[in-house]
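Asker: This is the structure, below, for whatever I ask next.
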Amino acid sequence: MIDLRSDTVTLPTDEMRRAMAAAIVGDDVYGEDQTINHLQQISAELLGMEAGLFVPSGTMGNLISILTHCQRGDEVIMGDQAHTFIYEVGGVSALGGIMVHTIPNMPNGTLALNDIKNAIRSENVHFPTTRLICLENTHNRCGGVAITPEYTQEVVALANKNQLATHMDGARIFNAAAKLNIPAKELVEGVDSVTFCLSKGLGAPVGSIICGSNEFIQRARKIRKQLGGGMRQAGILAAAGLVALETMLTRLSEDHVRAQNLAYNLKKIPGLILKENSPQTNMVFINLDENVAKTSAQIITELSEFAVLVGPSGQNGFRLVTHYGIRDEDLLLVQSAFESVLGRAF
Ligand SMILES: *Cc1c(COP(=O)(O)O)cnc(C)c1O
């Protein structure tokens, strides 16, 4: 199978499995798992923050972060294409009683500063209290686009001016760092909290990390416990995360090059229209031409008969994500599968 549905399908490497088997572990609820402590420390250093916290998933990382910043009835400003708004089951509202105030995401993944300003509540007995601004980098629904540090700095300045906190959903922050060719810490300078995923392009089987100040992480740790995310000898998992940070960061740009090559091959096929400005990092977004007599769902099913798995995007399109399980020779097989399926579709 050539599985381009997501970079979450990556399997742990042999080196990860060896590190998992050999990991020195302890009870992490007591703070006694050396491997987790090490991973948290390395992660915080990479992001220029004081402390880190290992959590089971990116979704729980965002949830814990937002619950740590906000009280019930508070409001968080985020984009209407934010992963946290669309794909995290409304957790911050369901579990935290927090209002989500969405404003439009620009096609480049940013929020217009003026829209943010207008969304910040003034002091008024009728209004909820604005507490937090959330950004996402790379921005998944906006095409995997990298958000520049200059823009993030402007949002941080605006937040500071209004005594608001900032959280970065950096599930793929290292893809952004690879794309912009700068250290990841520059992408979150001044940001109060960030989460990143170990289990996407970095290839670890499980886990995400929250980074922030010592004080923030101390409070986040308690909320992690409250949500049932306090794990015991989870250094078994963190060991794979450490290998991921040691071995995977420098190869993410290979995925970006493969996405470029894949896009170049596919856009030549009649019936396929490469989405404008795609790909940005490791995601290729493609739409179907109106003349094609099949739906994207039908095409996805037929591609699977050629051992090619792609994800849907919107009403009539596809998302193809490159990762370390995709090799150069796979790209030609994907191209010929699309050619075969679309060749019978006019
Ligand atoms: C995948 C993803 C998450 C959630 O991560 P899970 O580990 O799947 O819960 C959060 N934000 C973004 C932008 C993501 O792509």
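Asker: Calculated FRET efficiency, N118 and N160, Cβ-Cβ r, R0 22 Å, to nearest 0.05?
Answerer: Working from the Cβ atoms, E equals 0.75.
Asker: Output the relative contact order of the chain, whole-number percent, from Cα pairs under 8 angstrom with separation of 6+ residues. Kindly include the intermediate steps, with their values, before the conclusion.
Answerer: Numbers: 697 pairs, mean separation 84.1, N = 346.
Value for the chain: 24 percent.
Asker: Could you tell me which of T301, S340, F285 has its Cα farthest along the dipole of region 251-342 towards the positive end, charges placed at Cβ (Lys, Arg +1; Asp, Glu -1), taken about the Cα centre?
Answerer: So the residue we want is F285.
Asker: About the Cα centre of region 251-342, how large is the charge dipole given +1 on each Lys and Arg Cβ and -1 on each Asp and Glu Cβ? Please answer in debye to the nearest 20.
Answerer: With Lys and Arg at +1 and Asp and Glu at -1, about 180 debye.
Asker: Now, a different point. Mind listing the Cα extents of the chain along all three principal axes, in Å, largest one first?
Answerer: 60, 54, 35
Asker: Let me ask something else about it. Taking Cα atoms of region 251-342, Rg/Rh with Kirkwood Rh, to two decimals?
Answerer: Reported Rg/Rh (Cα atoms, Kirkwood Rh): 0.93.
Asker: Using square roots of five times the C-alpha gyration tensor eigenvalues, list the equivalent-ellipsoid semi-axes of region 135-185 in whole Å, biggest first.
Answerer: Equivalent ellipsoid semi-axes, largest first: 20, 12, 9 Å.
Asker: I need L237, L274 ordered by Cβ neighbour count within 10 Å, fewest first.
Answerer: L274, L237
Asker: Let me ask something else. Quick one: putting +1 on the C-beta of Lys and Arg, -1 on the C-beta of Asp and Glu, what dipole do you get for region 10-247 around its Cα centre, in Debye to the nearest 20?
Answerer: Result for region 10-247 is approximately 400 debye, rounded to the nearest 20.
Asker: Here's another thing I want to ask about it. May I ask you to derive the relative contact order of region 251-342, considering only C-alpha pairs under 8 Å and at least 6 residues apart, and to give it as an integer percent?
Answerer: Working: 123 pairs, mean separation 29.1, N = 92.
Answer for region 251-342 is 32 percent.
Asker: Test of understanding: ordering M20, M1 by Cβ neighbours within 10 Å, fewest first, what list do you get?
Answerer: On the way: M20 22, M1 10.
Lowest count first: M1, M20.
Asker: Let me ask something additional. Please work out the Cα center distance from region 19-87 to region 96-139, rounded to the nearest Å.
Answerer: Distance between centres, Cα-based: 22 Å.
Asker: Continuing with the same structure: I'm checking a number: the convex hull volume of the Cα atoms of region 184-271, normalised per residue, in Å³. What is it?
Answerer: Normalising the Cα hull of region 184-271 by residue number yields 159 Å³.
Asker: Now, a different point. Exposure proxy check: C142, C197 ranked by fewest other beta carbons within 10 Å?
Answerer: C142, C197
Asker: Please list, by residue number, every one of the GluC sites (Glu not before Pro) in region 261-346 that is coil in DSSP and has at most 10 other beta-carbon atoms within 10 Å.
Answerer: E276, E290
Asker: If you don't mind, there's one more thing I want to ask. Give me the orientation-averaged projected area of the Cα convex hull of region 20-96, in nm², one decimal.
Answerer: For the Cα atoms of region 20-96, the hull's average projected area reads 6.9 nm².
Asker: Picking from L113, L39, L242, which is most flexible by a Gaussian network model of the chain using Cα springs under 10 Å?
Answerer: Taking springs between Cα atoms under 10 Å, the residue moving most is L113.
Asker: Just the number, please: percent antiparallel of the DSSP beta bridges in the chain, rounded to the nearest 5.
Answerer: In the chain, DSSP labels about 55 percent of beta bridges as antiparallel.
Asker: Follow-up. Amide H to amide H, which residues 5 or more places from D80 or on other chains are under 5 Å from it, using H placed in the peptide plane?
Answerer: Amide H neighbours of D80: I103, N105.
Values quoted throughout were computed directly from the atomic coordinates according to the rules given, and no laboratory measurement underlies them. Quantities reported herein were computed from a predicted structural model and do not represent experimental measurements. In this analysis, Cβ positions are derived from the backbone assuming ideal geometry, glycine residues included, and neighbour counts consider all displayed protein chains.
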